[in-house]
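First up is the structure itself, then whatever we jot down about it.
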């Protein structure tokens, strides 16, 4: 099975939102913001979930594990397609995300202290297991974000995106026609940087305020394969930088996003995202916001 972003776009079009692209100016520099936090469920994850469930012929019962956003995407995709779903989350999953998963109709099971522990238990549960990021159908679905960016802004020359397990960044890299992908991670929550340094995916620490969305201990093998052969720049930001970027998105543009979504914007503010026409993907908004 190969990555096919165009086929994924055709499959999910009746269900997923085509999110807006907003051209702005920040500190005197042009920037495009892909407002994917306005997607159904508040994150891009529903794209990969829908593509997978549709391509697999809508299995009766689906199971997954998640730190929050992927589980919510699977729960809502299953609801839209009339399927049942069980979602395993670690006991550390944010209550706001847990509440939304249950509201989408899924059975929720809390297990383990980390996403990795929840995933082990979920794989043993009856049903069709839906990967969070390490599967061609998931990567293809997430890549539809990149197709929309290029369609709406053909002159874009770099796309900055946050990295967790690698599904979104690999999908975008597969979809944007050789343009530069800028992969941004928090310090101490950097599965891609760890993999690049080691020459293969390896386990690493997950210590960041953005960990509920980006907290994969290891990059997926498939994303690593894609990113190893695509034009990709790896950047790191601190928690202080990403929180400041999140706050600025609210103060300057009234965009309420979760910490993970502000990660690539933090890199842009630091002057580290190259390109004459760069785009930053705001990937999620699943936070209990208190202005």
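The values are calculated or read from the model by the stated rules, or taken from the named source; none is laboratory data. Worth saying up front: this structure is predicted, and the values here are computed from it rather than measured. All Cβ positions, even for glycine, are placed from backbone atoms using ideal geometry, and neighbour counts span all protein chains on display.
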> Under 8 Å by Cβ, and 6 or more places apart or on different chains, what pairs join a residue from the stretch 10-30 that is at negative phi with one that is loosely packed, with under 15 Cβ neighbours inside 10 Å and assigned to a loop (DSSP other than H, G, I, E, B)?
Replying inline: 30/276
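Going through the stretch 239-253 one residue at a time, which ones are more than 14 Å from residue 162 (Cβ to Cβ) and either without any contact (Cβ under 8 Å) to a residue 60 or more places away in the chain or crowded, with 18+ Cβ neighbours inside 10 Å (or both)? So that I can check it myself, show each step before the final result.
Initially, the stretch 239-253 is screened for residues more than 14 Å from residue 162 (Cβ to Cβ), giving 240, 244, 247-248, 250-253.
Across the stretch 239-253, the qualifying residues are 240, 244, 247, 248, 250, 251.
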> Would it be correct to say that residue 93 is within 17 Å of the chain's Cα centre (by Cα), outside the structural domain of residue 201 (by TED's automatic domain parsing) and at pLDDT 95 or above?
Replying inline: no
>> Tell me whether the stretch 90-106 contains one or more residues that are more than 30 Å from residue 249 (Cβ to Cβ) and in contact with a strand residue (DSSP E or B) (Cβ under 6 Å, 6 or more places away or on another chain).
In response: no
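Among helices (runs of 4 or more DSSP H) lying entirely in the stretch 99-180, which contain 1 or more residues that are touching a helix residue (DSSP H, G or I) at 6+ places or on another chain (Cβ under 6 Å) and touching a residue at least 40 places away in the same chain (Cβ under 8 Å)?
On the way: elements: 115-123, 136-152, 167-175.
Result: 136-152, 167-175.
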> Got a number for residues in the stretch 113-143 being more than 14 Å from residue 61 (Cα to Cα), crowded, with 24+ Cβ neighbours inside 10 Å and in contact with a strand residue (DSSP E or B) (Cβ under 8 Å, 6 or more places away or on another chain)?
Replying inline: 3
>> Could you tell me how many of the residues in the stretch 210-238 are surrounded by fewer than 18 Cβ atoms within 10 Å (Cβ to Cβ) and within 10 Å of residue 186 (Cβ to Cβ)?
In response: 1
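Considering every residue within the stretch 36-50, establish whether at least one is under 12 Å from residue 148 (Cα atoms), in contact (Cβ under 8 Å) with a residue 40 or more places away in the chain and either surrounded by fewer than 24 Cβ atoms within 10 Å (Cβ to Cβ) or in the same structural domain as residue 263 (by TED's automatic domain parsing) (or both). First the steps, then the outcome.
Looking only at the stretch 36-50, we keep the residues that are under 12 Å from residue 148 (Cα atoms), and these are 36.
Retained after the next criterion (residues that are in contact (Cβ under 8 Å) with a residue 40 or more places away in the chain): 36.
Filter once more, so that each one left must be either surrounded by fewer than 24 Cβ atoms within 10 Å (Cβ to Cβ) or in the same structural domain as residue 263 (by TED's automatic domain parsing) (or both): 36.
Yes.
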> Among strands (runs of 3 or more DSSP E) lying entirely in the stretch 3-95, which contain 2 or more residues that are farther than 19 Å from residue 122 by Cα?
Replying inline: 21-26, 29-34
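Do we have residue 184 as surrounded by 18 or more Cβ atoms within 10 Å (Cβ to Cβ), modelled with pLDDT of 95 or more and under 14 Å from the mean Cα position of the chain (by Cα) here? Step through it out loud before you land on a result.
Details: surrounded by 18 or more Cβ atoms within 10 Å (Cβ to Cβ): yes; modelled with pLDDT of 95 or more: yes; under 14 Å from the mean Cα position of the chain (by Cα): yes.
So residue 184 fits the description; yes.
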